[in-house]
Amino acid sequence: MNAALPVDVLKQHLIDPEICIRCNTCEETCPVDAITHDSNNYVVDPDICNGCMACVPPCPTGSIDNWRLVVRADAYTLADQLGWDELPREQALPEMASVAPGAAADSATESAAAAVVPATPGASVPPWSAAHPYVNLYTHKTPVTATVVGNYRVTGADTDSDIHHIVLDFGDLPFPVLEGQSIGILPPGADAQGRPHHARQYSLASPRDGERAGYNNLSLTVKRVTEDHLGQPAQGVCSNYLCDLAKNDTVQVIGPFGHTFLMPNHPRANLVMICTGTGSAPMRAMTERCRRRIDSGENGRLMLFFGARTERELPYFGPLMKLPRDFIDINLALSREAGLPKRYVQDLIRERAADVRALLADRNTCIYVCGLKGMEVGVLDALRDVTMQSGQDWTILHEVLRREGRLHFETY
Ligand code: A2P
């Protein structure tokens, strides 16, 4: 009766605070609400996390995919994790530590195999033909310095929507990107607790070969934040910093990030792009990629649903309207245009049901949704209605689109 009792070991799920860009994707994805955050870190509650892995594929940086074997009774608490600047080193386990059946050290992997409920409406894999993305080339510890070579407003000067097109040049330093990827900007200064500001994530608005083709530069679409979600005055730290930058200023950049919200790379693939406001950035990048190869005959159909309050608040309105109609099918949903009924992108998807349905039925079609979180449900409902009108089963089609990497969401 002297045998030592086995110690219950936990494979604890942790987030690397040095790589995490605080984009909130994991917290939104977690089906059991095990992930939470404060102004410093995103953390995983060891008492709730069941290791289902739903949060791992959507994470743009991979910072979510960290695990430590710990004695369950000594698991890192939320308070521990919130205080970290870096992950703790692996600790040796006591010799008598053993893995309890059922609650095994490998419970994460086991649960993952069992997890069948989609945690996000979009795919967690890229389209089959997407080019290979580079991610995390530059981190919080090793950011790259970019130079501002352009910064101008792309919304009407008389409107409240102050949206800027900002061009960053990387000089001789490699910064390979694909349309749909994002970068992190490290704003200078510190937060109220004296800690350096964490990075803010922005989608690229330019294609892989540069804002100016052949140059080592890229562009962002940044909306100046002047109020919080409740409408109270609040100055967004990074958006104001970026919108106020002058030519030749320098910026600290990390990334690139993202390995799923990528465009198909095979000839005659169709793109259905659904966006609001600055969610147009990746759509601009993909559209510009296609525009530059317009003479090659490689493009499939491009269909755009773009929501904004008014034409003057719709970023890039002028250049967008100059694109040839036989190149891109543009559908503008304006919600506050004087004299016009309020329209959302989902209304227009329903109006264009026959064309949307035909595209959905084509396995060469990929769908991208980017912009306000609120439109996610509305767009899904519209796609379901459009599908069901023809007697098709949306549940099945939705699953196919997810599995084949053909339906992607990026909402905030
Ligand atoms: P609204 O006029 O009702 O706010 P913003 O300018 O705030 O970035 O919003 C971009 C566009 O998205 C606006 O036209 C806005 O309309 C619209 N919008 C707001 N909520 C939703 C939603 N749930 N689904 C689709 N569009 C939305």
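Checked against (1) of a type in the set (S, T, N, Q); (2) surrounded by fewer than 20 Cβ atoms within 10 Å (Cβ to Cβ); (3) in contact with a strand residue (DSSP E or B) (Cβ under 7 Å, 6 or more places away or on another chain), residue 193 passes all but a single condition, namely (3). Put simply, of 260, 250, 221 the only residue that is of a type in the set (Val, Ile, Thr), closer than 18 Å to residue 146 by Cβ and under 16 Å from the mean Cα position of the chain (by Cα) is 221. Residues of the range 133-183 that are hydroxyl-bearing (Ser, Thr, Tyr), buried (at least 19 other Cβ atoms within 10 Å of the Cβ) and either under 25 Å from residue 197 (Cα atoms) or in contact with a Cys (Cβ under 9 Å, 6 or more places away or on another chain) (or both): 138, 161, 182.
I'd like to check something: does the range 239-247 contain any residue that is within 16 Å of the ligand (Cβ to nearest atom) and within 17 Å of residue 164 (Cβ to Cβ)? Scanning the range 239-247 turns up at least one residue that is within 16 Å of the ligand (Cβ to nearest atom) and within 17 Å of residue 164 (Cβ to Cβ).
Is at least one residue of the range 138-152 assigned to a helix (DSSP H, G or I) and modelled with pLDDT of 90 or more? Looking through the range 138-152, none of the residues is assigned to a helix (DSSP H, G or I) and modelled with pLDDT of 90 or more.
For the range 266-289, filtering for residues that are of a type in the set (Val, Ile, Thr), near the ligand (Cβ under 10 Å from one of its atoms) and not in a strand (DSSP E or B) leaves 1. May I ask you to verify whether residue 194 is in a loop (DSSP other than H, G, I, E, B) and among the small types (Gly, Ala, Ser)? Here the answer is yes, as residue 194 does meet what is asked. Considering only residues that are in a loop (DSSP other than H, G, I, E, B) and touching a Cys at 6+ places or on another chain (Cβ under 8 Å), which ones fall in the range 200-227? Answer for the range 200-227, where residues must be in a loop (DSSP other than H, G, I, E, B) and touching a Cys at 6+ places or on another chain (Cβ under 8 Å): just 224. Scanning the range 290-336 for residues that are of a type in the set (Lys, Arg) and touching a residue at least 24 places away in the same chain (Cβ under 8 Å) turns up 291, 292, 301, 309, 312, 336.
Would you confirm, using the coordinates I've provided, whether residue 230 is surrounded by fewer than 23 Cβ atoms within 10 Å (Cβ to Cβ), within 16 Å of the ligand (Cβ to nearest atom) and in a loop (DSSP other than H, G, I, E, B)? Spelling it out, residue 230 is indeed surrounded by fewer than 23 Cβ atoms within 10 Å (Cβ to Cβ), within 16 Å of the ligand (Cβ to nearest atom) and in a loop (DSSP other than H, G, I, E, B). Provide a single number: the residues in the range 325-373 that are of a type in the set (A, V, I, L, M), within 15 Å of the ligand (Cβ to nearest atom), touching a helix residue (DSSP H, G or I) at 6+ places or on another chain (Cβ under 9 Å) and assigned to a loop (DSSP other than H, G, I, E, B). So the count comes out to 1. Could you check, for the range 19-33, whether at least one of its residues is closer than 17 Å to residue 201 by Cβ and part of a strand (DSSP E or B)? No: the range 19-33 contains no residue that is closer than 17 Å to residue 201 by Cβ and part of a strand (DSSP E or B).
Against the test of being within 14 Å of the ligand (Cβ to nearest atom) and not aliphatic (A, V, I, L, M), the options 292, 309 yield a single qualifying residue, 309.
Does residue 379 satisfy being part of a helix (DSSP H, G or I) and within 11 Å of the ligand (Cβ to nearest atom)? In short, yes.
The values are calculated or read from the model by the stated rules, or taken from the named source; none is laboratory data. Only a predicted model underlies this, so the values are computations on that prediction, with no experimental measurement involved. Cβ atoms come from the backbone with ideal geometry, glycine included; neighbour counts cover every protein chain shown.
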